[in-house]
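The next block holds one structure in the form of structure tokens; read it before the comments.
The values are calculated or read from the model by the stated rules, or taken from the named source; none is laboratory data. Bear in mind that the values here come from a model prediction, so they are computed numbers and not experimental data. Cβ: placed from backbone, ideal geometry, glycine included. Neighbour counts: every protein chain shown. When the accessible area is computed, the model is the full protein with side chains, heavy atoms only, and any ligands, DNA or RNA have been set aside. Shrake-Rupley method; radii C 1.70, N 1.55, O 1.52, S 1.80 Å.
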Protein chains: 2
Amino acid sequence: MSPSKLELVAIDDLPIVKPGDDLARMAIDGLERSGIRLVSGDVLVIAQKIVSKAEGRIVVLAEVTPSARSLQLGRETNKDPRLVELILSETKRIVRSGPDVLIVEHRLGFVMANAGVDQSNVGAQDGIERALLLPLDPDASAESLRSALSAALDVDIGVVVNDSFGRAWRLGTVGIALGVAGLPALKDLRGRPDLLGRPLRVSISAFADEIAAAASLLMGQGDEGRPMVVVRGLAWHEPASGVRALLRPLEEDLFR
Amino acid sequence: MSPSKLELVAIDDLPIVKPGDDLARMAIDGLERSGIRLVSGDVLVIAQKIVSKAEGRIVVLAEVTPSARSLQLGRETNKDPRLVELILSETKRIVRSGPDVLIVEHRLGFVMANAGVDQSNVGAQDGIERALLLPLDPDASAESLRSALSAALDVDIGVVVNDSFGRAWRLGTVGIALGVAGLPALKDLRGRPDLLGRPLRVSISAFADEIAAAASLLMGQGDEGRPMVVVRGLAWHEPASGVRALLRPLEEDLFR
């Protein structure tokens, strides 16, 4: 049976993250300040943006030289060709491009706009234009935070790195999992009978994505003020898995 | 600023829903039994399945006569042609069909598998095969529940009817909003500066979808035991809107 209660609490007053910052230390201090004591089974959701920043995935745009292809694609998509150059450097293949649109398959397998390359909140106060790339390996980022926090606080927790994605056919972004550690990305309900004893049909839920979406309600997009949210009350029986379990190969896309 | 805390509580021990049941009455009784007192700003998330049942959207399969087209499509998709007949009756157009796959644009605009026609949990205990269709108008279902509960309990709440959808490119289903009343389906953060004063870029979030996904973590798919979840702590400034605000016309799909 699922739990009957969930609690989500944002860690308040986290400092602005800079390259090289120790996110585990920051989380521990923030938890203490917020009066939150982690218990085993808690899941910490952390925004991609601060993971990328801490890992130094920041590029100064002036240092990027766009290729002929990036110049051309920049014209087609109305995007800064230096940004396009960065996007292509993170891209396995282009799914769709057009005016103001550049949907790609990210090198990690995510189908997303602009390969997750983002210009907001990256320290424009010094007049230098920068862009932020996704973490090199978000599962590893999640695992590193999970093991550091679990060891320091003597608990067994899960970690989800989340991001906001657009969707086919629906407007608005939703929080999705970019990296997962210490919990199953998918929950498989197949074979369990429903209330009337009939086997369930649609029965694999994207557990980590639903957790990411729930936490996103507290984070506020683009707002770095609340990039860490603790989710308490989840339960699972499945073994932990990384985010790859959530990715449907482009070739198997059932929707087109 | 977003709230810093969210609480989700499932209403326990709801009876199995039958056609004609009064869901507002059922919710009020369940809330009382669970010791939950609704306050203004709470959002009740209710599973599509019980809304459809209460509204009598149940069809006995033996009473369905498949057309030649449904027979043909049933062979192509390995589906019962009577089910296919029902699916087509709810369908504006077919997006993709193939072995075990039938993705359509539902008459309400949702792009989804099988037009939401479902065979699980519809009372097979008498040996009669039945299928369940989506509510005729999920926004109206949400609004009717919202106004009945708000009036009876003297509060101002929101209601989301949720369902589990598959996604393009990602595996597993997630809770999404099928009907919305008393809250904005989308939250628009455009124009608000980020922490460094730079205007936000990706900034329209699918508020009702994230609420639907969060509640889905407590419901457990296919499990009718927890089809009502109260979400407390959300905040919004935008005017209320129906689910249509979340639908991207097929023609405008940016992902293909």
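With the condition kept exactly as written, say whether any residue in region A:13-26 is touching a residue at least 24 places away in the same chain (Cβ under 8 Å), of a type outside the set (Asp, Glu), open to solvent by 30 Å² or more (accessible area, probe 1.4 Å) and within 14 Å of another protein chain (Cβ to nearest Cβ). Checked against the condition, which is being touching a residue at least 24 places away in the same chain (Cβ under 8 Å), of a type outside the set (Asp, Glu), open to solvent by 30 Å² or more (accessible area, probe 1.4 Å) and within 14 Å of another protein chain (Cβ to nearest Cβ), region A:13-26 yields at least one hit.
Within region B:77-95, restricting attention to residues that are out of contact with any helix residue (DSSP H, G or I) (no Cβ under 7 Å at 6 or more places or on another chain) and closer than 30 Å to residue B:147 by Cβ, the residue that is least open to solvent (accessible area, probe 1.4 Å) is B:89.
Against the list (1) surrounded by 15 or more Cβ atoms within 10 Å (Cβ to Cβ); (2) within 14 Å of another protein chain (Cβ to nearest Cβ), the condition residue A:54 fails is (2).
Scanning region B:150-168 for residues that are surrounded by fewer than 23 Cβ atoms within 10 Å (Cβ to Cβ), of a type outside the set (Asp, Glu) and out of contact with any Ser or Thr (no Cβ under 7 Å at 6 or more places or on another chain) returns B:150, B:151, B:152, B:153, B:168. Just one of the numbered conditions (1) modelled with pLDDT of 95 or more; (2) crowded, with 19+ Cβ neighbours inside 10 Å; (3) of a type outside the set (Lys, Arg) is not true of residue B:67: (2). When every residue of region A:195-205 is checked against the conditions, none turns out to be buried (at least 20 other Cβ atoms within 10 Å of the Cβ), of a type outside the set (D, E, K, R), assigned by TED's automatic domain parsing to the domain that holds residue A:182 and modelled with pLDDT of 95 or more. Among the residues of this structure, residue B:183 counts as one that is under 27 Å from residue A:205 (Cα atoms), within 14 Å of chain A (Cβ to nearest Cβ) and not in a helix (DSSP H, G or I). Applying the set (1) assigned to a loop (DSSP other than H, G, I, E, B); (2) modelled with pLDDT under 80; (3) open to solvent by 20 Å² or more (accessible area, probe 1.4 Å) to residue B:238 leaves exactly one unmet item: (2).
With respect to the conditions (1) of a type outside the set (A, V, I, L, M); (2) modelled with pLDDT of 95 or more; (3) more than 23 Å from residue B:214 (Cβ to Cβ), residue B:141 lacks only one, and its number is (3). Of the residues making up region B:63-94, those that are within 21 Å of residue B:135 (Cα to Cα) and not basic (Lys, Arg) are B:63, B:64, B:83, B:84, B:85, B:86, B:87, B:88, B:89, B:90, B:91, B:94.
Residues considered: B:98, B:74. Of these, the only one that is modelled with pLDDT of 95 or more and either surrounded by fewer than 16 Cβ atoms within 10 Å (Cβ to Cβ) or not assigned by TED's automatic domain parsing to the domain that holds residue B:173 (or both) is B:74. Within region B:1-12, the set of residues being open to solvent by 70 Å² or more (accessible area, probe 1.4 Å) and touching a residue at least 24 places away in the same chain (Cβ under 8 Å) comprises just one member, B:5.
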